Amino acid sequence: MRTIRFLLQKEFRQIFRNRSILVMVMVMPVMQLIILPLAANYEVKNVNIAIIDNDHSSYSQKLISKITASGYFKLTGYDFSFKEALKLIESDKADLILEIPHGFERNLVRENKQQLFVAVNAINGTKANLGGVYLGSVIVDDNNDIRLQLVQPGHFSQQPEIDIRSSNWYNPLLNYHVYMVPGILAILVTMIGGFLTALNIVKEKEVGTIEQINVTPIKKHHFILGKLIPFWILGNVVFTLGLIVAWLIYGIVPLGSILLLYGFVSVYLLAVLGFGLLVSTFCDTQQQAMFIMFFFIMIFVLMGGLFTSIDSMPDWAKTVTRFNPVSYLIEVMRMIILKGSGLKDILRQLGIIFLFALVLNSWAIFNYKKTN
């Protein structure tokens, strides 16, 4: 224990001597947690739409008013030919074209039917799909209003109807911040812990102090623990700052146990710090360590379930995510913070992360080559 205490004193002196690390640990995660959830918006709004109104009737004007008042569409062109509207799509100034034909109102009143033409710019598949769905729902709603105007209520056939009432659990207002903030906090904890430890041993190699440590009687596991514990503490500090920001800025308060949340994050940090130390033992320069960590962090983030649901991934990708520790942290963060899950609910994830921590740290100790 005395050896580890001296190593910890050395590491903390190095950390507090390097002001850039303190800024990276204290300021950057807070700023990112404030900015990223505001930018990472799952809601598709301001869909640019060009409307060709060939009818100029009260019905067509009412439909156009409903579309622009929905809050999802931005009118970028109106009352011109389809050829001109198509140029707006080609120049990315419009995402949708809605053409209202001649006789729109007359055919609805006389023949009880009328077709509308919708052209969708499908380069951005997500925006095109959601924009088409939004437009379809507005048109259906307008069509129901017209039916109520044209048909007397007593003339409707008395058939059974299904009345659907939905209840939004865990996020009643469908606020995307509630969904995104825990996941982004998980990513920030991973990046801080992983990058700092990956660069640590490599820096010792570059400045030459690793040779002085190698000739001392310090055991390999003492050395790894001396490198791991300071950043484990800093990782918990970053996590605490993240919870404070989530509470002050977004009003998110964990429904589950705070102690359980810290317990899981503490075990998770052992795993991700062990991975960073393992990378550090393989590299000779900080550049190498940075590139390797960047490669793995990109995979961890994109396949962690933050931006894309794991259930929507193909089978091979689902298999890969089982070896992605970030996916377990994001899942557990949302379970405890949003659902109030208990220890029994996260035992499987906790066991897997503990196994990650055991394997990665043992591998780092084994791979660290110390010569006496």
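Note on the chain: Kirkwood hydrodynamic radius from all Cα pairs is 24.9 Å, rounded to one decimal. The modelled label-to-label distance for the pair Ser58/Leu148, using points 7 Å beyond Cα in the direction of Cβ, is 1.7 nm. For the chain, the longest principal axis of the Cα atoms and the long axis of helix 343-367 meet at an angle of about 50 degrees.
Across segment 199-207, computed HN-Hα scalar couplings (Karplus, 6.51 cos²θ - 1.76 cosθ + 1.60, θ = phi - 60°) run 8, 5, 5, 4, 4, 4, 5, 5, 7 Hz from first to last residue, x flagging Gly and Pro.
For segment 35-79, the dipole from Cβ point charges (+1 on Lys and Arg, -1 on Asp and Glu) about the Cα centre works out to 160 debye, to the nearest 20. Across all directions, the shadow cast by the convex hull of segment 47-150 built on its C-alpha atoms averages 6.0 square nanometres. Of the residues Tyr179, Tyr262, ranked by 1.4 Å probe accessible area with the largest first, the sequence reads Tyr179, Tyr262.
Quick one: of the DSSP bridges fully inside the chain, what percent are antiparallel, nearest 5? Once the DSSP bridges in the chain are tallied, antiparallel ones form about 30 percent.
Whenever you get a sec, line up Thr126, Thr321 from highest to lowest accessible area (probe 1.4 Å, protein heavy atoms). Write out the running numbers ahead of the final one.
Working: Thr126 90, Thr321 10 Å².
Per-residue accessible area, sorted high to low, gives Thr126, Thr321.
With a 1.4 Å probe rolled over the protein heavy atoms of all chains, the accessible area of Trp316, Trp363, Trp247 falls in the order Trp316, Trp247, Trp363, largest first. Lys/Arg Cβ at +1, Asp/Glu Cβ at -1, dipole of the chain taken about the Cα centre: which of Val202, Leu173, Gln114 is farthest positive-ward? The residue sitting farthest along the positive end of the dipole is Val202. Candidates Tyr59, Ile337, Ile365 compared by Cα position along the dipole of the chain: farthest toward the positive end lies Ile365, with charges placed on Cβ.
Leaving out ligands, DNA and RNA, what percent of the accessible area of the chain is carbon and sulfur, probe 1.4 Å? Solvent-exposed carbon and sulfur of the chain make up 62 percent of the total. Taking trypsin sites (Lys or Arg not before Pro) as exposed when their DSSP state is a loop state and no more than 16 other Cβ atoms lie within 10 Å, the longest site-free interval of the chain runs over 220-321.
Pairs Lys66/Lys127; Lys318/Lys344; Lys45/Lys83; Lys74/Lys318; Lys127/Lys339: which exceed 27 Å Cα-Cα? Distance filter (> 27 Å) returns Lys74/Lys318; Lys127/Lys339.
Neighbours of Gly305 by Cβ distance under 11 Å: Lys/Arg scored +1, Asp/Glu scored -1, total 0. Taken as Cα centroids, segment 285-326 and segment 194-211 sit 24 Å apart, rounded to the nearest whole angstrom.
Under 17 Å from a label point set 7 Å out along the Cα-to-Cβ vector of Phe82, the amide N atoms of segment 43-64 belong to 50-56. Compared with the direct C-alpha span, the chain from Asn18 to Ala69 gains 12.9 nm at full extension, assuming 0.36 nm per residue.
Between Asn168 and Val140, the distance separating the two model label sites (each 7 Å from Cα on the Cα→Cβ line) works out to 1.9 nm.
Dipole size of segment 290-372 about its Cα centre, with +1 on Lys/Arg Cβ and -1 on Asp/Glu Cβ: approximately 260 debye, rounded to the nearest 20.
In the frame of its principal axes, segment 178-259 has Cα extents of 52, 24, 16 Å, reported largest first. Straight-distance candidates among the lysines for linking to Lys10, with alpha-carbon spacing under 22 Å and chain neighbours fewer than 8 residues away dropped: Lys203, Lys205, Lys219, Lys220, Lys227, Lys369, Lys370. Local charge for Thr285 was computed over the other residues whose Cβ lies under 14 Å away, with Lys and Arg +1 and Asp and Glu -1, and equals -1. Computed about its Cα centre, the charge dipole of the chain is approximately 2000 debye, with only Lys, Arg, Asp and Glu carrying charge at their Cβ. For the chain, the longest principal axis of the C-alpha atoms and the axis of helix 58-69 are separated by about 10°.
The residues of segment 47-150 expose on average 56 square angstrom of accessible surface per residue, using a 1.4 Å probe on protein heavy atoms.
Just to check, using Stokes-Einstein with a Kirkwood Rh over alpha carbon pairs, what's the diffusion coefficient of segment 226-356 at 37 °C and 0.692 mPa s in µm²/s?
Result for D is 206 µm²/s.
The values are calculated or read from the model by the stated rules, or taken from the named source; none is laboratory data. All values reported here derive from a predicted model rather than from experimental measurement. Ideal geometry is used to build each Cβ from the backbone, glycine not excepted, and the neighbour counts take in all protein chains shown. Areas reflect the complete protein model, heavy atoms only, side chains present, ligands, DNA and RNA absent. Shrake-Rupley method; radii C 1.70, N 1.55, O 1.52, S 1.80 Å.
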